[in-house]
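Comments concern the structure below.
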Amino acid sequence: MKPIIKAAGLSLAIITASFYTTAAEAAQKVGYVATGPVLAQMAKKSNVSEKLRKEFKDRIAEVDRLRSKLEKGVEKLQRNGELMSDAERTKLQRELQALDADFKLKAKNLQEDQRKRGAEEERKLVQKLQKTIETIAKKEGYDMVINSQAVMYASPKDDLSEKVLKAVK
């Protein structure tokens with residue numbers, strides 16, 4: 001009985017070792033890319049923030065105008081509130097409340113729309129980055145490319161970040 005168990009154990013060890021050898025051979029060439037810094041450079045080069053600022057400039061100006069008007073109204077109420085009649089003070093307070101509600105709504109909508117558009121632009125950059133990485137990996141014969149944050153140690157010759165950044169232009 002013992003020779004059968006020894007033979008089975010030895011067979012299992014040989015089969016397991018061959019699986020590991022096959023797995024090690026499967027991924028022979030692995031590269032890495034610092035995706036965070038590369039994406040930041042891509043965004044800087046394509047002027048994403050400037051593009052979004054131009055797209056929303058009218059709405060930003062409207063929100064700033066409302067903020068300024070609200071601040072002036074609050075100053076007026078604080079400065080002249082004691083001198084105003086009750087009806088005037090109440091009227092000004094109601095106007096300020098309406099103005100404040102309008103300001104908050106427009107500011108919230110603007111912020112949400114800017115966030116959505118920023119995410120759209122970022123998604124476009126990520127897709128472009130992925131296509132570029134795939135192209136370079138195929139061209140240079142890499143079996144796998146991973147994010148540099150997942151790498152404990154790697155040879156600098158396998159860092160594709162600069163090549164990707166140059167190819168993205």
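Would you mind checking Lys29/Lys124; Lys131/Lys157; Lys44/Lys166; Lys57/Lys128; Lys124/Lys169; Lys69/Lys104 for any pair whose Cα atoms are more than 19 angstrom apart? Violating the 19 Å Cα-Cα cut-off are Lys29/Lys124; Lys131/Lys157; Lys57/Lys128. Heavy-atom surface analysis with a 1.4 Å probe gives the range 74-125 a carbon and sulfur content of 49 percent of its accessible area. Over the C-alpha atoms of the range 42-154, the Rg to Rh ratio, Rh being the Kirkwood estimate, stands at 1.34. Fully extending the segment from Leu83 to Glu55, taken as 0.36 nm per residue of separation minus the present Cα-Cα distance, adds 5.7 nm. How high is the FRET efficiency from Leu99 to Thr135, r the C-beta distance, R0 35 Å, rounded to 0.05? Here the calculated transfer efficiency is 0.05.
What is the packing order of peptides 138-144, 148-154, 46-52, 162-168, taking the mean over residues of other C-beta atoms within 10 Å and listing the highest first?
In descending order of packing, they fall as 162-168, 46-52, 138-144, 148-154.
The values are calculated or read from the model by the stated rules, or taken from the named source; none is laboratory data. Bear in mind the structure is a predicted one, so any value in this text is a computation, not a measurement. Don't worry about glycine lacking a Cβ; one is built from the backbone with ideal geometry, like all the others, and counts go over all protein chains shown. In case anyone asks, the SASA skips ligands and DNA or RNA and just uses the protein heavy atoms, side chains included. Shrake-Rupley method; radii C 1.70, N 1.55, O 1.52, S 1.80 Å.
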